[in-house]
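The values are calculated or read from the model by the stated rules, or taken from the named source; none is laboratory data. Bear in mind that the values here come from a model prediction, so they are computed numbers and not experimental data. Because the Cβ atoms are built from the backbone with ideal geometry, glycine has one as well, and the counts that use them run over all protein chains shown.
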Amino acid sequence: MSVSDIQGTSDRISTALPAPSASTPAAPDAKVLKSAQDFESMAIGQMLEPMFATVDTSKSMFSGGAGEESFKPMLITEMAKEVEAHGGLGLADAIYQQMLKMQEGHR
């Protein structure tokens with residue numbers, strides 16, 4: 001993830017958040033934001049997994065065999081990260097806001 005990706009995401013989230021008040025921090029908490037993005041990436045990966053499970057490459061001329069099966073989960077994870085980095089499903093914004101609300105309730 002590049003700096004411009006992080007900046008674009010924080011800009012997207014900062015426009016969705018209400019104006020900062022005395023009890024709301026002015027800048028988004030980077031750890032909370034990263035956690036929300038990671039959760040969205042994981043959810044996207046869970047949705048992509050069945051798509052790859054339906055492809056039968058056993059009779060294909062270019063079948064990767066055991067190596068392909070070993071690397072498939074990593075491919076799905078990286079694809080999910082890229083989908084999330086380019087807008088995703090919009091879950092990260094909602095998760096981020098909810099996590100901030102939960103933190104304020106524990107203070």
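Observations on the structure shown:
- Evaluated against (1) at pLDDT below 90; (2) surrounded by 12 or more Cβ atoms within 10 Å (Cβ to Cβ); (3) in a helix (DSSP H, G or I), residue 83 falls short on exactly one condition, (1).
- A single entry from 90, 65 fulfils the requirement of being at positive phi, out of contact with any Asp or Glu (no Cβ under 7 Å at 6 or more places or on another chain) and modelled with pLDDT of 80 or more: 90.
- Residues in the stretch 75-89 that are in contact (Cβ under 8 Å) with a residue 40 or more places away in the chain and among the charged types (D, E, K, R): 81, 84.
- Selection from the stretch 86-97 of residues that are surrounded by 12 or more Cβ atoms within 10 Å (Cβ to Cβ) and either of a type outside the set (Asp, Glu) or in contact with a Phe, Trp or Tyr (Cβ under 6 Å, 6 or more places away or on another chain) (or both): 88, 89, 91, 92, 94, 95, 96, 97
- Scanning the stretch 51-77 for residues that are under 18 Å from residue 38 (Cα atoms) and touching a helix residue (DSSP H, G or I) at 6+ places or on another chain (Cβ under 9 Å), we see that the one that is surrounded by the most Cβ atoms within 10 Å (Cβ to Cβ) is 76.
- Criterion violated by residue 106 - all others in (1) at pLDDT 90 or above; (2) within 22 Å of residue 31 (Cβ to Cβ) satisfied: (1)
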